[in-house]
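K.L.:
I'd like to ask some things about the structure below.
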Amino acid sequence: MILKGTFKREIFRSDTGYVIGLFKIKEIEKDSDLPQNITNTVTFTGYFHELTIDENYSLEGKFVEHTKYGIQFQVESYERILPEEKEGIIEFLSGGLFKGIGEKTAKKIVDKLGKDTLNIILENPSNLYLIPSITKKQVDTLHNTLVTYQESYETIVYLNDLGFSTRESLIIYNKYKDKTKTVLENNIYIMYQDISDITFKKLDEIALKNNYSLSDIRRVEATILYVINEVCYMYGHSYLLINEIYNYTSRCLRVELSKEEFDQALDNLMLDVKIIRREERFYLTNMYEAEDNITKRLGYLMRTKDNTNKKLELFVNQVEKDFDCFYNEKQREAIIKSFTKNLLIVTGGPGTGKTTIINGIVALYKEINKFSYADLCKKVALLAPTGRASKRISESTNLPASTIHRFLKWNKEKDTFQVNEYHKSDVEFVIVDEFSMVDTMLFDSLLRGLKYDTKIILVGDYNQLPSVSSGQLLKDMIDSNCLNVVELTELYRQKENSNIINLAYEVNSDNLDYDTLAGSDDLEFFDLDSSKVMSKIMEISKEYINNDNYQILCPMYKTLNGIDRINSNLQSIYNPKDKSKKEIVINNTLYREGDKVIQLTNMPDDNVFNGDIGYIEEINNGAKKEVTIMFDDNLVRYTSSNFNKFALAYAISIHKSQGSEFDYVLIPVLKEYGKMLYRKLIYTGITRAKKKLYLVGDTKALEIAIKNNNNDIRRTTLKDMLIENILNV
């Protein structure tokens, strides 16, 4: 669909050129039905390199409906419509774009040069001197502005011809402006470092199509950066060794790379400080600086003088009285140290009362400082890496809590945080729950956004899975033996004879007692052949059709008994085909109104986060395909551009379950899961269950998983840095 009309007002513009504005429609060329109640002025969104108020444009795109902002026109491409009639040219020249040119001067110019005024100015600006009283400054303004406009459009066309989409071209132009051609002609791969919206694969394809050789030094350098970034993310490492970088780089280049060429490229990157070498370790600069910054900040907090209060014990007694509870020795130690120490780590397995400790810490802070509820909300930040985990803290403490991304005001357009080292938060006290899930780069960003003396409490389970991205922060911090740590060991949340809890500790200690699997009120193990597992999963699941707190957690997506097949089978039981329910196929997966789904990425603008679970409310299968999903009381509308941000959730991965708890959990455990059978993964899955756990599969597979404690060994240097900078100072 094409809209022709006038740009009236800019509502929002990002640094990448993403614009929200108002557009007055004069003409519509449509290839589909218009939404109802469309007026002659509409809100539009899209990427633009320049827009001038009251100028005419042709916008190509489609109407979409935003959950919060209603009907909008989503622009895919656009072009400026230059005026052709004399009146239009006069209006164009005097509209404010050309500084120093008023309506009288514009009329004189058009009267003299006619309908071809704009082309005449571009081709031979000296013709403007035919106009009486015109100045050299006005001539230069008219000519230079028109040339700039023409060049910008030529640059967009140039980028399109190279192979970039219009959206990508506009993002590139907004980054480099008039230097775009020069930058790209010098080194097209520089965009891999400068622009996150364009993948290395896309850049590489375009470069090779435009006369870059397979062994071009610029390609080798970019590939090294890409390799370190991708491999470190895949395995959770902070650094790689030189032979790994060489082997992966050679494979990616698809050409035989000499050692001399590789060494030259690596040296260039180190000279440009894009890679940092420490002994035999090679880091991307941002990763090294992140570990270094974390070390320095934690060291500073450890060296800061302890806080004291003679009435501290009395305050803790008052908190116990208020909550009508009794803290065991370790819990009491954790609560007291949360006041005396400026940095504290509280760790413990399932059932040891970590959430109870957070409540006690917040209550003590409020009691000692005599804060009102409003003061507490202003001074204390309760954070977690996922939306579900932050909701749990909020429900437990009756205080607002948020994800770390939301707290730092993540700008998804620029992939930056608005709360940072230059614009710090005013909070005085931060508690981060489920800290085992936090990666190195995110924690570095959080520390940069906090004042240097902000008190920090980190809460998590040492034995759970580490972050999806690089780092193993909780493990490294505790293993360094140089930070304040309180380990909770006594069971608190559930009675000590809970078989879920017993199994979790047995798995973690590699000491499985088969009596634990014999069957109890809260744990059942079904030792079955792989061919019979699916039918048992279906049988058990039928008992929980109307229970939102039942969840299947599975190690793998593929295989005969993987997440994909379980979801497909459970869909037929939980949400069978019905004429009254609309359906849609997305990436070979069938979705139906009423389906249970999980959010796969953070979408802070819509208040929905990675790991949130909801239900499909409505499917629109018309020309404008849409899926509306209800997450608790939050309705989120998806269009084809973000259909990849959710998936069926009758079964989800154990990784995705981190930060969540469910009353009833079923975990299939089979040899076919191969490398995904390892201790931390199974332990994490087990600890998600609160009331009942079903294990379905093979006892031998469970034994393999328990014995395998080497699958997730990560190479990081935070532990060594902490020891060097704190213990050895």
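The values are calculated or read from the model by the stated rules, or taken from the named source; none is laboratory data. This is a predicted model, so every value here is computed, not measured. Please note: Cβ atoms are built from the backbone with ideal geometry, for glycine as well, and neighbour counts cover all protein chains shown. These area figures cover heavy atoms from the full protein model, side chains too; ligands, DNA and RNA do not enter into them. Shrake-Rupley method; radii C 1.70, N 1.55, O 1.52, S 1.80 Å.
K.L.:
Report the residue count in the range 1-53 for those that are charged (D, E, K, R) and in contact with a Phe, Trp or Tyr (Cβ under 7 Å, 6 or more places away or on another chain). Lay out the reasoning, then the answer.
P.N.:
Within the range 1-53, the first condition is being charged (D, E, K, R), and the residues that meet it are 4, 8-10, 13, 15, 24, 26-27, 29-31, 33, 50.
From what is left, the residues that are in contact with a Phe, Trp or Tyr (Cβ under 7 Å, 6 or more places away or on another chain) are 8.
Of the residues in the range 1-53, 1 are charged (D, E, K, R) and in contact with a Phe, Trp or Tyr (Cβ under 7 Å, 6 or more places away or on another chain).
K.L.:
Kindly establish whether Tyr365 is aromatic (Phe, Trp, Tyr) and open to solvent by less than 10 Å² (accessible area, probe 1.4 Å).
P.N.:
Values: aromatic (Phe, Trp, Tyr): yes; open to solvent by less than 10 Å² (accessible area, probe 1.4 Å): no.
For Tyr365, the condition - aromatic (Phe, Trp, Tyr) and open to solvent by less than 10 Å² (accessible area, probe 1.4 Å) - is not met.
K.L.:
Quick one: in the range 677-702, of everything that is among the hydroxyl-bearing types (Ser, Thr, Tyr) and part of a helix (DSSP H, G or I), which residue is most open to solvent (accessible area, probe 1.4 Å)?
P.N.:
Thr699
K.L.:
Where residues in the range 580-615 are in a loop (DSSP other than H, G, I, E, B) and open to solvent by 60 Å² or more (accessible area, probe 1.4 Å), which of them is modelled with the lowest pLDDT?
P.N.:
Asn607
K.L.:
Follow-up. Check the range 116-137 and report whether any residue there is touching a residue at least 60 places away in the same chain (Cβ under 8 Å), on the phi < 0 side of the Ramachandran plot and not hydrophobic (A, V, I, L, M, F, W, C).
P.N.:
For the range 116-137, residues touching a residue at least 60 places away in the same chain (Cβ under 8 Å), on the phi < 0 side of the Ramachandran plot and not hydrophobic (A, V, I, L, M, F, W, C): absent.
K.L.:
From Ser258, Ser250, Ser215, which residue is small (Gly, Ala, Ser), open to solvent by 10 Å² or more (accessible area, probe 1.4 Å) and touching a residue at least 40 places away in the same chain (Cβ under 8 Å)?
P.N.:
Exactly one of Ser258, Ser250, Ser215 is small (Gly, Ala, Ser), open to solvent by 10 Å² or more (accessible area, probe 1.4 Å) and touching a residue at least 40 places away in the same chain (Cβ under 8 Å), namely Ser215.
K.L.:
Then there is this: The conditions are (1) under 28 Å from the mean Cα position of the chain (by Cα); (2) in contact (Cβ under 8 Å) with a residue 12 or more places away in the chain, and Met234 fails exactly one of them. Which is it?
P.N.:
Result: Met234 passes all but (2).
K.L.:
Let me ask something else about it. So for the range 296-315 (the condition being part of a helix (DSSP H, G or I), among the aromatic types (Phe, Trp, Tyr) and open to solvent by 70 Å² or more (accessible area, probe 1.4 Å)), does at least one residue qualify?
P.N.:
yes
K.L.:
Something else about it: When the residues of the range 616-627 are narrowed to those that are among the charged types (D, E, K, R) and part of a loop (DSSP other than H, G, I, E, B), which ends up most open to solvent (accessible area, probe 1.4 Å)?
P.N.:
Applying the filter and picking the extreme gives Lys625.
K.L.:
Continuing with the same structure: For the range 465-481, check the following and say yes or no: at least one residue is in contact with a His (Cβ under 9 Å, 6 or more places away or on another chain), open to solvent by 20 Å² or more (accessible area, probe 1.4 Å) and under 19 Å from Thr687 (Cα atoms).
P.N.:
yes
K.L.:
Looking at Ser467, Ser436 in this structure, which one is more than 22 Å from Asp375 (Cβ to Cβ) and assigned to a helix (DSSP H, G or I)?
P.N.:
Details: Ser467 fails: assigned to a helix (DSSP H, G or I).
Unique residue meeting the criteria: Ser436.
K.L.:
Show the residue pairs meeting these rules: Cβ distance below 6 Å; 6+ apart or different chains; first residue within the range 282-294 and on the phi > 0 side of the Ramachandran plot; second residue open to solvent by 10 Å² or more (accessible area, probe 1.4 Å) and of a type in the set (Phe, Trp, Tyr).
P.N.:
Close Cβ pairs (under 6 Å, with a partner that is open to solvent by 10 Å² or more (accessible area, probe 1.4 Å) and of a type in the set (Phe, Trp, Tyr)) do not exist here.
K.L.:
For Ile109, are the conditions met, namely being out of contact with any Asp or Glu (no Cβ under 6 Å at 6 or more places or on another chain), among the hydrophobic types (A, V, I, L, M, F, W, C) and part of a helix (DSSP H, G or I)?
P.N.:
So Ile109 fits the description; yes.
K.L.:
Can you confirm whether Leu93 is within 17 Å of Leu82 (Cα to Cα) and either open to solvent by 20 Å² or more (accessible area, probe 1.4 Å) or among the basic types (Lys, Arg) (or both)?
P.N.:
Against the criterion (within 17 Å of Leu82 (Cα to Cα) and either open to solvent by 20 Å² or more (accessible area, probe 1.4 Å) or among the basic types (Lys, Arg) (or both)), Leu93 does not qualify.
K.L.:
On the given criteria, is Ile573 outside any loop (DSSP other than H, G, I, E, B) and touching a Gly at 6+ places or on another chain (Cβ under 6 Å)? Walk me through it before giving the result.
P.N.:
Values: outside any loop (DSSP other than H, G, I, E, B): yes; touching a Gly at 6+ places or on another chain (Cβ under 6 Å): no.
Criteria not met by Ile573.
K.L.:
Just checking: which of the helices (runs of 4 or more DSSP H) contained wholly in the range 166-271 hold 1 or more residues that are within 19 Å of Asn286 (Cα to Cα)? Give the steps one after another, and end with the answer.
P.N.:
Working: elements: 166-176, 180-186, 191-194, 200-209, 217-235, 242-253, 259-271.
Those helices (runs of 4 or more DSSP H) span 191-194, 200-209, 217-235, 242-253, 259-271.
K.L.:
Could you list all residues from the range 559-576 that are over 17 Å from Tyr615 (Cβ atoms) and either polar (S, T, N, Q) or open to solvent by 20 Å² or more (accessible area, probe 1.4 Å) (or both)?
P.N.:
Correct list: Thr559, Leu560, Asn561, Asp564, Arg565, Ser568, Asn569.
K.L.:
OK, next. Restricting attention to the range 325-355, which residues are among the charged types (D, E, K, R) and over 24 Å from Lys391 (Cα atoms)?
P.N.:
Glu329, Lys330, Arg332, Glu333, Lys337, Lys341
K.L.:
Follow-up. Kindly evaluate Phe326 against the criterion of being of a type in the set (Phe, Trp, Tyr) and open to solvent by less than 50 Å² (accessible area, probe 1.4 Å).
P.N.:
no
K.L.:
Could you check the range 56-79 and list, in sequence order, the residues that are among the basic types (Lys, Arg) and surrounded by 16 or more Cβ atoms within 10 Å (Cβ to Cβ)?
P.N.:
Lys62
K.L.:
In the range 506-541, what residues are open to solvent by 50 Å² or more (accessible area, probe 1.4 Å) and touching a strand residue (DSSP E or B) at 6+ places or on another chain (Cβ under 6 Å)?
P.N.:
Passing the criteria: only Glu524.
K.L.:
May I ask you to verify whether Asp15 is touching a residue at least 60 places away in the same chain (Cβ under 8 Å), exposed (fewer than 14 other Cβ atoms within 10 Å of the Cβ) and not in a strand (DSSP E or B)?
P.N.:
Yes.
K.L.:
OK, next. Kindly check whether there is at least one residue in the range 542-555 that is in a helix (DSSP H, G or I) and either crowded, with 19+ Cβ neighbours inside 10 Å or in contact (Cβ under 8 Å) with a residue 24 or more places away in the chain (or both). So that I can check it myself, show each step before the final result.
P.N.:
Of all residues in the range 542-555, those in a helix (DSSP H, G or I) come to 542.
If we keep only those that are either crowded, with 19+ Cβ neighbours inside 10 Å or in contact (Cβ under 8 Å) with a residue 24 or more places away in the chain (or both) too, we end up with 542.
Scanning the range 542-555, I find at least one residue that is in a helix (DSSP H, G or I) and either crowded, with 19+ Cβ neighbours inside 10 Å or in contact (Cβ under 8 Å) with a residue 24 or more places away in the chain (or both), so the answer is yes.
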